[in-house]
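Data first, discussion second: the structure below is written as structure tokens.
Any read-out appearing in this document is the output of simple, stated calculations on the displayed coordinates, not a laboratory observation. As the structure is a computational prediction, the values presented were derived from the model and not from experiment. With ideal geometry, Cβ positions are generated from the backbone for all residues, glycine too; neighbour counts draw on all protein chains shown.
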Amino acid sequence: MRYKTTLLVILAIALSACTTAPAKQTATSSAKKTQEIPAAVPELANTSVADLERMVAAGDLKAHVELGTRYGLGKGVEKNYDKAVTLLRAAAERNDPEAQFYLGTAYNNGAGVPKDDAIAVLWFERSAAQHYAVADYWMGYMVATGGGGINPTWAGAIPYLWDGAIQGNSAAAFLLGYAYDQGTDIDHNPRAAAYWYRRADMYQRAENNTFNVKAEYNLLLLIKKGAVEWQPGDPGSPPNHDDKSSSAAPAPAGHN
């Protein structure tokens, strides 16, 4: 079964009892707090601290990121946010997109630096410009919600979310679906919304074998009100309507 019995019962009651559609899972509810310090660089996970320090001295940018994360997490070294930020900043200033994103998270959370969303956005933007998928999501979220003093606009968020979503980022795909679902300063497009909700769920299942419950819930609402048709693999059961609409998503203009 796709859902545990309890969750199925809760959703069934919620959907059948309301005369109007329940509130959608929103952009704010979808946002994940950025990590204070990111996970390690996978290819360097087993490298010793001494070797990383030698690699840093030789100018290896990924070693900067890996050692920076270890100082931030206190993994194999004493936790030290100042050293973490110094290492990440050195790589970020040399245009490493991963380090740029992680430095943005430091400013977003006030870890090792004063909390400053405006500076966080600057680093997220530099990372997103190199198509780093998680940074694309966070830039899209910041632009859509007005983070860091940005004038909020969903139209401006779409290119970032699209770039992250086509790279398989579940959070970006969900927020892209939500943008089309809401139709705030962009065309309301339930079919595109359903497409990206399905993608968000698929990406998350592929990544960690869990469901994107927010995406599935919003998809259920679209199906219940007849905006799109149920498809095999969707949550729930096929309703008694015959919507023949396609779930193909339009391609907005990207960003470079």
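Would you please name the trypsin sites (Lys or Arg not before Pro) within the stretch 92-175 that are DSSP coil residues with at most 10 other C-beta atoms within 10 Å of their C-beta?
Values: sites: 94, 115, 126; in loops: 94, 115.
Within the stretch 92-175, no trypsin sites (Lys or Arg not before Pro) qualify (loop, at most 10 other Cβ atoms within 10 Å).
Normalised by the number of residues in the stretch 35-130, the average gap of Cα pairs under 8 Å and 6 or more apart makes the relative contact order 23 percent. In plain terms, the residue of 125, 43 with the fewest other Cβ atoms within 10 Å comes first and the most crowded comes last, giving 43, 125.
Neighbour counts of other C-beta atoms within 10 Å: give me 44, 87 arranged from fewest to most. Intermediate values should be presented prior to the final figure.
Details: 44 18, 87 27.
Ordered by Cβ neighbours within 10 Å, fewest first: 44, 87.
Where Lys and Arg each count +1 and Asp and Glu each count -1, what net charge lies around residue 156 among other residues with Cβ under 14 Å from its Cβ?
Numbers: positive: none; negative: 125, 136, 163, 185.
Once positives and negatives cancel, what remains is -4.
Can you give the Rg to Rh ratio of the stretch 35-130, both from alpha-carbon atoms, with Rh computed by the Kirkwood formula? Provide the component values of the computation, followed by the final result.
Details: Rg = 12.2 Å, Rh = 12.8 Å.
Rounded to two decimals, Rg/Rh equals 0.95.
Pop the C-beta distance of residue 75 and residue 153 into the FRET formula with R0 = 51 Å and round what comes out to the nearest 0.05.
Working: r = 39 Å, r/R0 = 0.77.
After rounding to 0.05, the efficiency reads 0.85.
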